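Taking it in order: structure first as C-alpha cells, then the write-up.
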Amino acid sequence: MRLIFAGTPEFARVALTSLVDAGHEVVLVLTQPDRPAGRGMKLQASAVKQAATAMQLPVLQPRSLRLDGKCAEDAAQTRQAIEQAQAQVMVVAAYGLILPQWVLDEMGATSRLGCLNIHASLLPRWRGAAPIHRAIEAGDAQTGVTIMQMDAGLDTGDMLLWQSTPIAPTDTTALLHDRLASLGGALIVQALALAARGELKPIAQPLQGVTYASKLDKGEAWIDWAQAAELIVRRVHAFNPFPVAATQLQGEALKVWDARVAQGLASTNAPPGRILAVSGEGVAVAAVDSVVLLTELQRSGAKRLPLAECLRGMDIQPGMQLSGPVSNTLHAAS
C-alpha cells in the first residue's frame with residue numbers, strides 16, 4: 001500500500017522497518033523534531049528519523065499539527081504534504097503529537113482506511129501514554145498489541161486486530177517493549193494484508209475494563225519501602241529503563257535497575273527499608289510484608305556496573321537504612 005507513517009521512538013522504528021520490508025510504499029514519514037540528548041545535550045534525531053533517512057524516505061518534523069497554534073506554519077506545511085501524498089492509509093505508532101481533527105478528516109477523505117494506530121496494550125485496558133509500564137506495575141498477567149482505527153478520542157477507536165503476550169515475573173519495561181515492538185510490526189503488516197482483501201472488520205471497544213496509563217513522572221521512581229515487596233519489585237521492573245527506581249543510602253541516591261522478592265528470607269519485624277543482608281546475590285531489604293532483593297544497583301553519577309563491581313565500591317552493610325529522596329539530583333547525571 002501507499003502509506004504515510006507517523007512515529008518517533010524505537011517502538012515505531014520497528015513498525016516502520018516492518019512495513020518497508022513487507023513491500024509497502026512509504027511516501028511520507030512524520031516524526032518529532034530532533035531533541036537534545038546525552039551528556040553533551042546535542043541534538044539527536046529520533047529512531048524513526050534515523051531509519052527513514054537510511055532508507056531515503058521523505059521526512060517532515062513539525063513542532064505541532066495545530067493549524068491555529070504557535071507553529072501554524074509547520075502544521076500548514078504538513079497538511080499540504082499529506083494532501084499531496086494521496087496515501088491509502090496513515091499508520092501511527094508512538095508519534096508523540098496528538099492528531100487534530102483535520103488530519104483524521106484529510107485521511108478519511110482521501111483513503112478508505114484513514115489512520116491506524118499501533119497501540120501497546122489490549123484495549124480498552126491501558127489507553128494513554130505509558131501502557132507497557134502500567135501493565136507491569138499493575139501486575140497484569142498479559143498484555144499485547146491492538147491495531148486500532150483512530151478517532152477523536154484518546155485511544156477510543158474501533159479495534160481491528162490484536163494479539164496478546166504473557167508478562168513474565170522477570171519482565172522489565174525494556175524487555176517487554178522489545179517483544180511488543182516486534183509484535184506490533186508484524187501485526188500492522190498483517191492488518192494491511194487483511195485490509196487489502198477487504199477482511200479487516202472493526203469492533204467497538206467494550207465499555208467495561210477501561211483503564212488509563214498516565215504519563216510517567218520522575219517523582220514516581222522513589223521506592224516506598226512501606227509498600228508490599230511484590231509491588232516494589234513490579235515498580236522497579238516497570239521503571240526500567242525510565243525513570244529508573246531509586247532509593248537513598250546515607251544521603252546518596254542509588255538507582256535500582258532490577259530486583260526480586262527474596263525467597264526464604266523473613267524481615268523479622270525490621271522497619272521497612274532496613275538492609276538485612278548483603279551477598280553476591282544482592283542486597284536484601286525489608287519491605288512492609290517480606291524482603292526485596294536488589295540485584296542491580298547504580299550510584300548517582302557513576303556507570304551502570306554488574307552488582308559485584310558496584311558493591312566493591314560502596315559501603316553497604318546490614319543494619320543500614322534505605323529511605324526516600326532527600327534531593328532532586330538523582331537524574332541529573334546517569
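Normalised by 2.2 N^0.38 Å, where N counts its residues, the alpha-carbon radius of gyration of the stretch 31-89 equals 1.30. The long axis of helix 10-21 is offset from the longest Cα principal axis of the chain by roughly 40 degrees.
Grab the DSSP H runs of the chain that are 4 residues or longer, score each as -39,500 (n - 2.57), total them, divide by all residues and round the 222 nm result to the nearest 500 deg cm²/dmol.
On the way: 8 runs with 92 residues, N = 334.
Taking each H run of at least 4 residues, the total per residue is -8500 deg cm²/dmol.
Of all alpha-carbon pairs in the chain, indicate the percentage at a distance above 34 angstrom. If you can, show how the numbers build up before the last one.
On the way: 18892 of 55611 pairs.
Here the long-distance tail beyond 34 Å is 34 percent of all Cα pairs in the chain.
Extension gain for ALA138 to ALA302 (0.36 nm times residue separation, less C-alpha to C-alpha distance): 56.0 nm. All C-alpha to C-alpha distances of the stretch 1-74, sorted into 5 Å bins beginning at zero, yield P(r) values of 3, 16, 24, 21, 16, 12, 6, 1, 0 percent in whole numbers.
Each principal axis of the Cα cloud of the stretch 92-198 was evaluated for its coordinate range; sorted largest first, these ranges are 46, 29, 19 Å.
Across the alpha-carbon atoms of the stretch 1-127, the computed radius of gyration and Dmax are 14.4, 46 angstrom. Computed from Cα atoms, the angle from the helix 72-85 axis to the main principal axis of the chain rounds to 60 degrees. For THR211, the shell of other residues with beta-carbons less than 9 Å away shows a net charge of +3, using +1 for Lys and Arg and -1 for Asp and Glu. All C-alpha pair distances within the stretch 238-286, sorted into 5 Å bins from zero, spread as 5, 17, 25, 26, 19, 7, 1 percent across the bins.
Result for the chain in a Gaussian network model with C-alpha springs under 10 Å: among GLY153, GLY184, GLY301, the largest mean-square fluctuation is at GLY153. A straight chain from VAL210 to ARG2 at 0.36 nm per residue would run longer than the Cα-Cα distance by 71.5 nm. With R₀ fixed at 30 Å, the C-beta to C-beta distance from ALA22 to LYS70 puts the FRET efficiency at about 0.20.
Count charges around PRO62 for me, please; just the other residues with Cβ under 13 Å from its Cβ, Lys/Arg as +1, Asp/Glu as -1.
Details: positive: LYS49, ARG63, ARG66, LYS70, ARG79; negative: ASP34, GLU73, ASP74.
Computed value for this residue: +2.
Considering only GLY139, GLY38, GLY273, the Gaussian network model of the chain with Cα springs below 10 Å gives its largest mean-square fluctuation to GLY38.
Quick one: if the Förster radius is 41 Å, what FRET efficiency do ARG197 and GLU281 give, using the C-beta to C-beta distance and rounding to 0.05? All intermediate terms of the calculation are to be shown ahead of the outcome.
Numbers: r = 54 Å, r/R0 = 1.32.
After rounding, the FRET efficiency stands at 0.15.
Can you give the FRET efficiency for LEU60 and GLN190, using 1/(1 + (r/R0)^6), R0 = 45 Å, r = Cβ-Cβ distance, to the nearest 0.05? All intermediate terms of the calculation are to be shown ahead of the outcome.
Details: r = 27 Å, r/R0 = 0.61.
With a Förster radius of 45 Å, E is 0.95.
Label positions at LEU154 and GLU220, each projected 7 Å from the Cα along the C-beta direction, are separated by 1.2 nm.
Given 10 °C and 1.306 mPa s, how large is the Stokes-Einstein diffusion coefficient of the stretch 214-254 in µm²/s, with Rh as the Kirkwood radius over Cα pairs? Could you put the intermediate results ahead of the total?
On the way: Rh = 10.6 Å.
The Stokes-Einstein estimate is 149 µm²/s.
Laboratory data are not the source of any read-out in this text; all were calculated from the coordinates shown. Given the structure is predicted, the values throughout are model-derived calculations rather than measurements. Using ideal geometry, Cβ is built from the backbone for each residue, glycine included, and neighbour counts are taken over all protein chains shown.
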